[in-house]
Amino acid sequence: MVAENYRAVREKIRQACARAGRDPSEVTLIAVSKTKPLSMIEELLPEGAVDFGENRPQELKEKYDALPKDLRFHMIGHLQRNKVKYVITRACLIHSVDSVRLAQAIQEEAEKHGVVMPVLVEVNVAGEESKFGVRPEDTADLIAQIAKYPNLRVQGLMTIAPFVEDPEENRVHFRNLYKLFIDIKARNIDNVCMCILSMGMTNDYEVAVEEGATMVRVGTGIFGERDHQTV
Ligand SMILES: *Cc1c(COP(=O)(O)O)cnc(C)c1O
């Protein structure tokens, strides 16, 4: 079931790439396994799945520690500074940096472990009160400040688009984020590589791929509904 869903999502990504004239190898599918058991992740390994997304630091730690080390765990959720220690040597990429204070905490922990941590800056594309992320107009400034930390490497942008009935409603947000991505890339900021654009979830990943996503984060569409109490 889970493997079948995964294959179906891959196929939808391939079709969205075809519509947009893109090469499917440009798009990484992250299977968002938060709240789901190890056994479900293991079901996907024969499909060649290696990228998994978690939003709770302790859960990421437990899953990383229990599974083969060639899997890549993405920290996609809001990260508190005192939880950075759980993910620093385990996550392949932190998608949710939205403040200098968090960047500073990542810098300290990464330095302690002698690693350089790849991160994305989370942008609140629709200005929603309830969402984390920096405002689009403040994004370049934040990146310029974070770029000074030697043990952090900004690799791109991430967004969580609004929850909408019709994914077409989010096209404008994905398009705007893509423009911002290109704009910041053109500034050639030292120690910054604008190469990853993480946008699109179960409800809207096809539109996101059409608008230039290089990573999509799909949970429900692969693993089924989550228990709502646990998000
Ligand atoms: C849970 C989550 C997802 C996946 O959501 P689905 O709608 O289940 O695909 C993607 N990104 C983030 C940041 C999440 O927290």
> So which residues in the stretch 20-40 are in a loop (DSSP other than H, G, I, E, B), within 15 Å of LEU67 (Cα to Cα) and free of Cβ contacts under 8 Å to residues at least 40 places away in the same chain?
Replying inline: PRO37
>> When you check ASN124 against the structure, is it crowded, with 19+ Cβ neighbours inside 10 Å, under 22 Å from CYS195 (Cβ atoms) and within 16 Å of the ligand (Cβ to nearest atom), yes or no?
In response: yes
>> Between GLY212, GLY200, which is within 16 Å of the ligand (Cβ to nearest atom) and at positive phi?
In response: GLY200
>> Take the conditions within 16 Å of the ligand (Cβ to nearest atom) and at pLDDT below 95 and apply them to MET40. Does it pass?
In response: no
>> Taking the conditions exactly as written (closer than 15 Å to GLY219 by Cβ and either assigned to a helix (DSSP H, G or I) or β-branched (Val, Ile, Thr) (or both)), does GLU43 satisfy them or not?
In response: yes
> When residues of the stretch 189-231 are filtered for being under 10 Å from the mean Cα position of the chain (by Cα) and of a type in the set (Gly, Ala, Ser), how many remain?
Replying inline: 2
> Checking ARG153 against (1) farther than 25 Å from ASP51 by Cα; (2) outside any helix (DSSP H, G or I); (3) not aliphatic (A, V, I, L, M), which test does it fail?
Replying inline: (1)
> Residue check: is ARG10 within 16 Å of ALA213 (Cα to Cα) and either part of a helix (DSSP H, G or I) or in contact with a strand residue (DSSP E or B) (Cβ under 6 Å, 6 or more places away or on another chain) (or both)?
Replying inline: yes
>> Just the residues that are charged (D, E, K, R) and either within 10 Å of the ligand (Cβ to nearest atom) or part of a helix (DSSP H, G or I) (or both), please, taken from the stretch 215-231.
In response: ARG217, GLU225, ARG226
> Which condition number in (1) in contact (Cβ under 8 Å) with a residue 12 or more places away in the chain; (2) away from the ligand (no atom under 12 Å from the Cβ); (3) surrounded by fewer than 18 Cβ atoms within 10 Å (Cβ to Cβ); (4) over 15 Å from the mean Cα position of the chain (by Cα) is the one that LYS185 fails?
Replying inline: (1)
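ILE106: within 16 Å of the ligand (Cβ to nearest atom), in a helix (DSSP H, G or I) and crowded, with 18+ Cβ neighbours inside 10 Å, yes or no?
Working: within 16 Å of the ligand (Cβ to nearest atom): no; in a helix (DSSP H, G or I): yes; crowded, with 18+ Cβ neighbours inside 10 Å: yes.
Criteria not met by ILE106.
The values are calculated or read from the model by the stated rules, or taken from the named source; none is laboratory data. Being a predicted model, the structure only gives us computed values, none of them experimental. Methodologically, a virtual Cβ is constructed for each residue, glycine included, from the backbone with ideal geometry; neighbour enumeration extends over all protein chains shown.
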